[in-house]
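As structure tokens, the structure follows; a few thoughts come after it.
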Amino acid sequence: MSVFDIFKKLDEQKAAQAAQPVEWLVIGLGNPGSKYDNTRHNAGFRALESYCARTGQKIDRMKFKALVGEGMLGGRRVLFLKPQTFMNLSGEAVRDAASFYKIPPERIIVLSDDISLDVGTLRVRAKGSAGGQNGLKNIIYHLGSEDFPRVKIGVGHKPHPDYDLAAWVLSKFTAEEQKAIDKACEDAVSAAACIIAEGCPAAAQKFNGKRL
């Protein structure tokens, strides 16, 4: 096979992939704006940004009140979303995209921060309550269902019980925490790919726990 044949085959494969309908949504939660970069609440955004940096995937078109981009993950065509409504209204973007593509809750994967987990820990869940996370709470409200998979990214517990929750989730990771959160964010998208390809139980078995 000549080099021209190889490139032609690659182009045909890309065209075939692009023609596939969107089957899954993968949503990273966070707040838009540079002042929220590297904050604990933006772990979902950070996971998708890490994936884009590694793979060249683009999530840069404005649609459904979100930055979106289509690509392949886990062998399926997915729509990546970064809602731009701020965390507490994240469900609006998810609802609109799910309605447009006719995606049921069980094929909507949400990457979100979790203050009940140590920094660098992942937890895959097939469904469940919001657990106090306002982005998840709003998604549940707009979908009318808790039955969507999520990959929770540990961002650390409050320093003490009386510490203001909003101040904690909007605080930035320390230099000592960077390696652990980077690894967790990198693996969060791999966990989403595993959910798509193999299901939540397999993803939980492979990815739950500390990632370093």
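The values are calculated or read from the model by the stated rules, or taken from the named source; none is laboratory data. All of these numbers come straight from a predicted model, not from anything done at the bench. Positions of Cβ are backbone-derived with ideal geometry, glycine not excepted, and every protein chain shown enters the neighbour counts. Surface areas here come from the heavy atoms of the whole protein model, side chains and all, with no ligands, DNA or RNA. Shrake-Rupley method; radii C 1.70, N 1.55, O 1.52, S 1.80 Å.
Values for this structure:
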| item | result |
| --- | --- |
| The range 157-182, residues that are at pLDDT 90 or above, more than 21 Å from the chain's Cα centre (by Cα) and open to solvent by 80 Å² or more (accessible area, probe 1.4 Å) | ALA175, GLU176 |
| The listed residue being touching a helix residue (DSSP H, G or I) at 6+ places or on another chain (Cβ under 7 Å) and over 24 Å from LEU170 (Cα atoms), out of PRO83, PRO105 | PRO105 |
| Meets criteria (in contact (Cβ under 8 Å) with a residue 24 or more places away in the chain and open to solvent by 50 Å² or more (accessible area, probe 1.4 Å)) for LYS210 | yes |
| Answer from GLY71, GLY44 - the residue that is at pLDDT 95 or above and not in a helix (DSSP H, G or I) | GLY71 |
| Pairs with Cβ under 9 Å, 6+ apart, first in the range 162-181 and under 12 Å from ILE115 (Cα atoms), second small (Gly, Ala, Ser) and surrounded by 12 or more Cβ atoms within 10 Å (Cβ to Cβ) | TRP168/GLY156 |
| Residue match in the range 81-103 (condition: at pLDDT below 95 and open to solvent by 40 Å² or more (accessible area, probe 1.4 Å)) | yes |
| Failed item in (1) over 30 Å from GLU176 (Cα atoms); (2) open to solvent by less than 30 Å² (accessible area, probe 1.4 Å), with LYS137 passing the rest | (2) |
